[in-house]
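Written out below as structure tokens is the structure these notes cover.
Computed from the coordinates by the stated procedures, all read-outs in this text should not be read as laboratory data. From a predicted model like this one, the values you see are computed outputs, not experimental measurements. Neighbour counts are summed over all protein chains in view; Cβ atoms, including those assigned to glycine, are modelled from backbone coordinates with ideal geometry.
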């Protein structure tokens, strides 16, 4: 599904979110700034948006992005080449549940709008924790369900009807945007997700709600 929408994925993200997703990503990355990570892993990197922004904001020595969608990675590689960051950001095919790196490899691990797609959420998060160095931080950006009834109603209308319809106008795969709504509603957000982060071994876990609750930043550290 993601292979089929890769070509216009970035455009649709900017259009459907009115570019709000850019601000969300920046806020998530600012949580890593005080750590000054030298090596970073971007899980479910897609077209490399988060990896590119992370390099511009944090200037690490190396960022590796992994994803199972070959076509998304191809789009990302072209973007990285255009930015002249080929020696700083490496995108490679990889499954979140079997990350092909040794224990304690990265100073920071991040994921933006990808963990809800894990086949087994806890397995994927355990792998992210495994490859993180002790003391390092995981930062995750993901959709959440608004708590206010009025906002939740508008959100469900937009995600369930408007977004797929707009995708159809742009000759995009409506199935993918229906899936976006379904996967977001099924995701265990807020404290439920924090409980899972704690279960996989992270400490100092917390979440911050953004934009009236339609998105959350989650973070946690691997104990020393």
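At 0.36 nm per residue, minus the direct Cα-Cα distance, what do residue 182 and residue 212 gain on full extension? Give it in nm, one decimal, please.
On the way: separation 30, 0.36 × 30 = 10.80 nm, distance 1.94 nm.
So the extension gain works out to 8.9 nm.
Normalised by the residues of the range 63-116, what does the relative contact order come to in percent, with Cα pairs under 8 Å and at least six apart? Write down the numbers at each step before the final one.
Values: 37 pairs, mean separation 22.9, N = 54.
In percent, rounded to a whole number, it is 42.
Between residue 199 and residue 34, 0.36 nm times their residue separation minus their Cα-Cα distance comes to what?
Working: separation 165, 0.36 × 165 = 59.40 nm, distance 2.54 nm.
Working it through step by step, the gained length comes to 56.9 nm.
Among 215, 129, rank each residue by its count of other Cβ atoms within 10 Å, from fewest to most, as a rough exposure measure. Spell out each step's value before the answer.
Numbers: 215 25, 129 20.
Ranked by crowding around the Cβ, least crowded first: 129, 215.
Could you list 1, 72 so that the one with the fewest beta carbons within 10 Å of its beta carbon is first and the one with the most is last? Don't jump to the answer; show the numbers that get you there.
Numbers: 1 11, 72 24.
Listing 1, 72 from fewest to most nearby Cβ atoms yields 1, 72.
Quick one: length gained pulling residue 83 to residue 62 fully straight, 0.36 nm per residue minus the C-alpha distance? Let's see the in-between values first.
Numbers: separation 21, 0.36 × 21 = 7.56 nm, distance 1.49 nm.
Extra length available between residue 83 and residue 62 comes to 6.1 nm.
For residue 103 paired with residue 74, estimate the spin-label separation in nm (one decimal), with each label point 7 Å from Cα along the Cα-to-Cβ line.
It is 3.9 nm.
With a 10 Å Cβ neighbour count serving as the proxy for reagent exposure, in which order, fewest first, do 197, 125 appear?
197, 125
Please report the relative contact order for the range 27-119, taking Cα pairs under 8 Å with a sequence separation of at least 6, and give it as a percent rounded to a whole number.
Details: 152 pairs, mean separation 34.0, N = 93.
It comes to 37 percent, rounded to a whole number.
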